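Here is the structure we will look at, set down as structure tokens.
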Amino acid sequence: MDSSEALVETYLKGLGYTDVRYEPDGNVPPDFLVNGRIAVEVRRLNQNYDDGDGKGPRGLEEAAIPLWRRIRDYLTDLGPAPASGQSWYVYYRFSRPPPKWKDLKRELDAVLLPFMTNSEPQPFEVRLNAGGEFWLKVFQAPSAKPTFFRPAGHSDQQFGGWLIGEIEANLELCITEKTGKVACVRSNYPEWWLILPDQIGYGLDDFEQELFLDQASVNAGGFDKIVLLDPRDAKRAFQVYP
């Protein structure tokens, strides 16, 4: 059981249900069965992006992991701090689609390798020309680290947007995905719920919930109930359908 499923289990038991079974039919839908009749599917509500690679929409945080790992490993491979003992943090931000790694590495080499040999290095920020939009910021670490460069994190320009619109758009993706997943077993149980730990709104307040209900449209895709949960508190639930 992952953290999202554990959160939903806490939510269901908090509703007073005592007969809550995890994966009653094995590693197939539903994720939970309540009172022998309510099938519950679980999925994180997160921001998604389709980069056109044929794999369909993926969570932004998932799609950013390969790039982060390559840059982290690249900085580590550049080696230890020189005799001066200085170390420098490297932070980047980018817009999708990110540049191809071979192009980005060439640009990183052109900027960072001369910096390592500079007798009087200074903090800087630069936009690279590897394709797309990619900014690099380098600033001094307060103390020496095992390597000259240290990753300081990154930001993704596709994160963000108007909250209600982001929730509505990504909720539609989640419902479509889960509707397809349960189609072959839909007739096994009379009632189906979809519960989503909300990684976008993190538990909308009362005003935001009113805005959502007033301005957003939810196509339930055959689910009888759809609920958003604050991932920090299973007691904070927002029923978006019906």
Student exercise, the chain dipole from Lys, Arg, Asp, Glu Cβ charges, in Debye to nearest 20: 880
Calculated Rg and Dmax of the range 105-149 using C-alpha coordinates, Å: 11.5, 34
GNM flexibility winner over the chain from VAL20, VAL28, VAL40 (Cα, springs under 10 Å): VAL28
Among TYR22, TYR189, GLY221 - extreme Cα towards positive end, dipole of the chain, charges at beta-carbon: TYR22
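Classify the range 200-242 from the C-alpha gyration tensor, please: rounded if a/c falls under 1.5, else prolate or oblate depending on whether a/b exceeds b/c.
Numbers: a/c = 2.36, a/b = 1.26, b/c = 1.87.
Taking the square roots of the gyration eigenvalues as a ≥ b ≥ c, the range 200-242 is oblate.
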Normalised contact order of the chain, rounded percent, pairs of Cα under 8 Å and 6 or more residues apart: 23
Rounded percent of accessible protein surface that carbon and sulfur make up, the chain, 1.4 Å probe: 48
Residues with amide H under 5 Å from that of ILE226, placed H, sequence gap 5 or more: LEU194, VAL240, TYR241
Calculated from backbone phi, Karplus (6.51, -1.76, 1.60) coupling profile of the range 174-182 in Hz, x at Gly/Pro: 5, 5, 4, 4, 6, 4, x, 5, 8
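In Å², and per residue, what accessible area does the range 89-157 have when probed at 1.4 Å with the other protein chains present?
On the way: 3810 Å² over 69 residues.
Normalised by residue count, the accessible surface of the range 89-157 is 55 Å².
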Cα centroid separation - the range 200-232 against the range 95-144, whole Å: 41
Among beta bridges that DSSP assigns inside the chain, antiparallel share in %, nearest 5: 60
Estimated vicinal HN-Hα couplings, Hz - the range 111-118 in sequence order (Karplus 6.51, -1.76, 1.60; Gly, Pro = x): 8, 8, 5, x, 4, 5, 9, 6
Label corresponding to Cα Rg over 2.2 N^0.38 Å when calculated from the structure given, among [x] 0.95; [y] 1.30; [z] 1.00: [y]
Lys pairs under 27 Å by Cα in the range 127-242, provided they are eight or more residues apart or on distinct chains: 5
Signed unit charges on C-beta, dipole axis of the chain, positive-most listed residue TYR11, PRO114, GLY203: PRO114
Residues with amide H under 5 Å from that of ASP31, placed H, sequence gap 5 or more: VAL40, GLU41, VAL42
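Can you tell me the relative contact order of the range 99-202? Whole percent, Cα pairs under 8 Å, sequence separation 6 or more.
Reported as a whole number, the value is 19 percent.
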Ellipticity estimate at 222 nm from DSSP helix runs (n ≥ 4, -39,500 (n - 2.57)) divided over the chain, nearest 500: -10500 deg cm²/dmol
Max mean-square fluctuation residue, GNM over the chain, Cα-Cα springs under 10 Å, options THR179, THR147, THR117: THR117
Heavy-atom surface of the range 184-225, accessible at 1.4 Å and reported per residue (Å²): 52
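The values are calculated or read from the model by the stated rules, or taken from the named source; none is laboratory data. All figures in this text were calculated on a predicted structure; none of them were measured in a lab. Because the Cβ atoms are built from the backbone with ideal geometry, glycine has one as well, and the counts that use them run over all protein chains shown. For accessibility, only protein heavy atoms count, side chains too; no ligands or nucleic acids. Shrake-Rupley method; radii C 1.70, N 1.55, O 1.52, S 1.80 Å.
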